[in-house]
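For reference, the structure is listed below as structure tokens.
The values are calculated or read from the model by the stated rules, or taken from the named source; none is laboratory data. This structure is a prediction, so every number in the text was calculated from the model and none was measured. So basically every Cβ, Gly included, is an ideal-geometry build from the backbone, and we count neighbours across all protein chains shown.
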Amino acid sequence: MLRHLLELDDLSADELVSILDLAERSDPQQILAGRGAALLFEKPSNRTRVSMELAVVHLGGHPVSLRNEEVGIDTRETAEDLARVYSGLCALIGARVFEHSKLVRMAGASSVPVVNLLSDDAHPVQALADLLTLRQRLGSLPGRSVAYVGDGNNVCRSLMIGAALAGMGMRVATPPGYEPPADGVTVLTTDPAEAVDGVDAVYTDVWASMGQEEEAGKRRQDFAGFTIDDDLMARAAPDALFLHCLPAHRGEEVAASVIDGPQSAVWQQATNRMHAQRGLILWLLSQ
Ligand code: CP
Ligand code: NVA
């Protein structure tokens, strides 16, 4: 059966566990042998492109990375036509886009799995790596807790869905006006100290995402008091983990002493992008 991953709620709780288990397999089946994966980027990327290309190579496949400048999604040809072309040439499509609706349209026209490599609304492959990292460091996920402090953005939303699927408690602190959509499971507050109180992991992301660069100055003012520093980390559980999807801005959303300190798991988290996506591709191509 054809499956896509546009947001983590495309998965059941059991399917999420299966993907995390597959991510930890050291001898993966060469499921992409002799086949290609089209990876299309409408926004810049460092980790996602490198980790997806290597995940494809680990499975015997050939990654074809494309910048939108050469492809022209919805300008040179439609998102649907791109999906039809890649379906005939490749076993998998990955796309990083501004409007999430472009992914929905690609998935609707595709006969191979479509993976969201980040949209304005969601970053599910990041959340898979986040959960894999938390599972490796905490032992298991059900009953554990994570606090997200910062902008209620794509990364925050996918983590909220992932934490709920994994049976984790989640608290989110944002300035007024920057809240993620309420999901009925996550505790929302405007007080970072309340959010991090006693949690097993503290997470943050940039205050201005790709496409919001002109708002960076205003956001720096609106997010005053939301920097993850040593005082805030001291309110979490002893030895609580610090997570960040990266790229990071030291001195804005996180103090250098935290991201470069002993509680930081961000490099393991970045490496896990490759492992988590390899598990995801294995799972998608086995359905
Ligand atoms: N975390 C993440 O997705 O990084 P890139 O934007 O560099 O791919
Ligand atoms: N929220 C950030 C995540 C980057 C990986 C952005 O969308 O730019």
### Task
Examine the range 53-71 for a residue that is β-branched (Val, Ile, Thr), more than 16 Å from ligand 1 (Cβ to nearest atom) and part of a strand (DSSP E or B), and state whether such a residue exists.
yes
### Query
Looking at the range 168-287, what helices (runs of 4 or more DSSP H) fall wholly within it and have at least 3 residues that are within 16 Å of ligand 1 (Cβ to nearest atom) and of a type in the set (A, V, I, L, M)?
266-284
### Query
Can we say residue 119 is over 12 Å from the mean Cα position of the chain (by Cα), outside any helix (DSSP H, G or I) and polar (S, T, N, Q)?
no
### Query
Only one of (1) surrounded by fewer than 24 Cβ atoms within 10 Å (Cβ to Cβ); (2) without any contact (Cβ under 8 Å) to a residue 60 or more places away in the chain; (3) outside any loop (DSSP other than H, G, I, E, B) is not met by residue 137, so which one is it?
(2)
### Message
Checking residue 105 against (1) buried (at least 16 other Cβ atoms within 10 Å of the Cβ); (2) in contact (Cβ under 8 Å) with a residue 60 or more places away in the chain; (3) at negative phi: exactly one of these is not met. Which one?
### Response
(2)
#### Entry: Filter pass, residue 74 being charged (D, E, K, R) and over 30 Å from residue 163 (Cβ atoms)
yes
### Query
From 22, 16, 39, 32, which residue is modelled with pLDDT of 95 or more, surrounded by 19 or more Cβ atoms within 10 Å (Cβ to Cβ) and assigned to a strand (DSSP E or B)?
39
#### Entry: Whichever residue in the range 200-224 is loosely packed, with under 13 Cβ neighbours inside 10 Å and of a type outside the set (A, V, I, L, M, F, W, C) and, among such residues, is farthest from ligand 2 (Cβ to nearest atom)
221
### Task
Would you please name the residue that is farthest from the chain's Cα centre (by Cα), looking only at residues in the range 44-82 that are within 16 Å of ligand 2 (Cβ to nearest atom) and more than 25 Å from residue 33 (Cβ to Cβ)?
68
